[in-house]
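Below is one structure, written out as structure tokens; the observations come after it.
The values are calculated or read from the model by the stated rules, or taken from the named source; none is laboratory data. Keep in mind that what you see is a predicted model, and the values were worked out from it rather than measured. For neighbour counting, all protein chains shown are included, and Cβ atoms are generated from backbone atoms with ideal geometry for every residue, glycine included. Side chains are part of the model used for accessible areas, which takes the heavy atoms of the whole protein and leaves out ligands, DNA and RNA. Shrake-Rupley method; radii C 1.70, N 1.55, O 1.52, S 1.80 Å.
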2 protein chains.
Amino acid sequence: MARAATTSDAFNAVAEPRRRQILELLAEGERPVAALVERLGVAQPLVSKHLRVLREVGLVNVREEGRRRLYRMDGRPLQDIYVWVSRYQAVWDERFDLVDTVLGELKAREGE
Amino acid sequence: MARAATTSDAFNAVAEPRRRQILELLAEGERPVAALVERLGVAQPLVSKHLRVLREVGLVNVREEGRRRLYRMDGRPLQDIYVWVSRYQAVWDERFDLVDTVLGELKAREGE
DNA sequence: GCATAACATGTCCATATGGGTATGTAATTC
DNA sequence: GAATTACATACCCATATGGACATGTTATGC
């Protein structure tokens with residue numbers, strides 16, 4: 001077997017830096033392909049290909065408006081990644097403990 | 001160009017399901033290669049190769065003990081992923097707002 | 001010292017990638 | 001309706017992958 005398809009899940013789709021850039025741009029709002037091409041400075045067919053991958057994993061939606069296709073981000077598939085990574089958050093994040101502390105204090109105060 | 005190397009960053013290293021499994025096992029504690037081979041049920045050379053990738057992105061450390069190599073997880077490189085994904089957390093996580101609420105209430109209570 | 005255990009590394013293969021270039025298709029403009 | 005615009009798709013290439021198999025290397029046991 002070769003490497004898992006980029007379209008197999010959000011993990012693989014987002015591993016590509018350019019696709020992350022595209023999502024960052026689309027997070028600003030709905031955009032036609034030409035706008036992405038301009039901001040990214042890459043060939044249009046390449047952008048279309050990346051958008052196809054993002055579409056297949058559900059990270060973007062398309063809406064047709066005349067001869068333009070308006071793309072919009074849908075972050076929900078990122079939850080899988082968030083959930084998986086969060087399990088190891090304690091390793092690096094000091095605030096991880098802080099949140100526990102804060103929530104604990106809040107609970108204690110409720111008992112006052 | 002082809003796809004970015006699996007060793008280029010944590011994003012790419014973790015895109016492979018088997019490598020995520022390995023990290024999950026190593027999260028339980030330090031383990032020799034043989035233990036991973038047994039739990040994963042895959043060929044030893046393949047496990048060694050995956051470990052190499054994880055080592056190159058800093059997700060695991062090795063310690064030599066006789067003829068065994070004890071691998072240990074280091075979650076820190078996952079922070080990059082966490083940080084990136086967290087930006088879009090609001091999209092799917094209701095508790096995102098909840099945390100804001102809780103912290104806000106705590107702050108309000110402090111003013112009592 | 002020799003067999004063996006615990007790994008790492010090398011080679012081979014099928015596969016799909018990202019990029020580049022060319023072409024197809026549908027909507028708009030004149 | 002012909003030209004053009006806004007895309008998607010097709011085809012090409014070099015590259016690196018995950019897996020299977022074979023072999024190298026070092027430490028241990030006898």
- [ ] Output the residues belonging to the range A:66-76 that are open to solvent by 20 Å² or more (accessible area, probe 1.4 Å), within 14 Å of DNA strand C (Cβ to nearest atom) and under 11 Å from A:Arg31 (Cα atoms).
- [x] A:Arg68, A:Arg69
Task: Residue satisfying all of: in the range B:21-39; within 14 Å of chain A (Cβ to nearest Cβ) and open to solvent by 30 Å² or more (accessible area, probe 1.4 Å); farthest from B:Thr7 (Cα to Cα) among these - done: B:Glu28
- [ ] Just give me the residues in the range B:40-54 being open to solvent by 60 Å² or more (accessible area, probe 1.4 Å), within 6 Å of DNA strand C (Cβ to nearest atom) and of a type outside the set (S, T, N, Q), in sequence order.
- [x] B:Pro45, B:Lys49, B:Arg52
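Here are A:Leu70, A:Leu51: which of them is over 22 Å from A:Asn12 (Cβ atoms) and among the aliphatic types (A, V, I, L, M)?
A:Leu70 is the lone residue from the list that is over 22 Å from A:Asn12 (Cβ atoms) and among the aliphatic types (A, V, I, L, M).
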Open item on the list: Return the residues of the range B:4-47 that are within 17 Å of the chain's Cα centre (by Cα) and either farther than 23 Å from A:Arg87 by Cβ or polar (S, T, N, Q) (or both); say none if nothing qualifies.
Closed with: B:Thr6, B:Thr7, B:Ser8, B:Asn12, B:Gln21
TODO: Mind listing whichever residues of the range A:48-63 are more than 14 Å from chain B (Cβ to nearest Cβ) and either near DNA strand D (Cβ under 9 Å from one of its atoms) or closer than 22 Å to B:Tyr82 by Cα (or both)?
DONE: A:Ser48, A:Leu51, A:Arg52, A:Arg55, A:Val62
TODO: Write out, first by first residue and then by second, each pair whose Cβ atoms fall under 8 Å of each other, whose residues are 6+ apart or on separate chains, and whose first residue, in the range B:55-70, is small (Gly, Ala, Ser) while the second is part of a loop (DSSP other than H, G, I, E, B).
DONE: B:Gly58/B:Asp74; B:Gly58/B:Arg76; B:Gly58/B:Pro77
Open item on the list: For A:Trp84, only one of the following conditions fails: (1) assigned to a helix (DSSP H, G or I); (2) more than 23 Å from B:Arg87 (Cβ to Cβ). What is its number?
Closed with: (2)
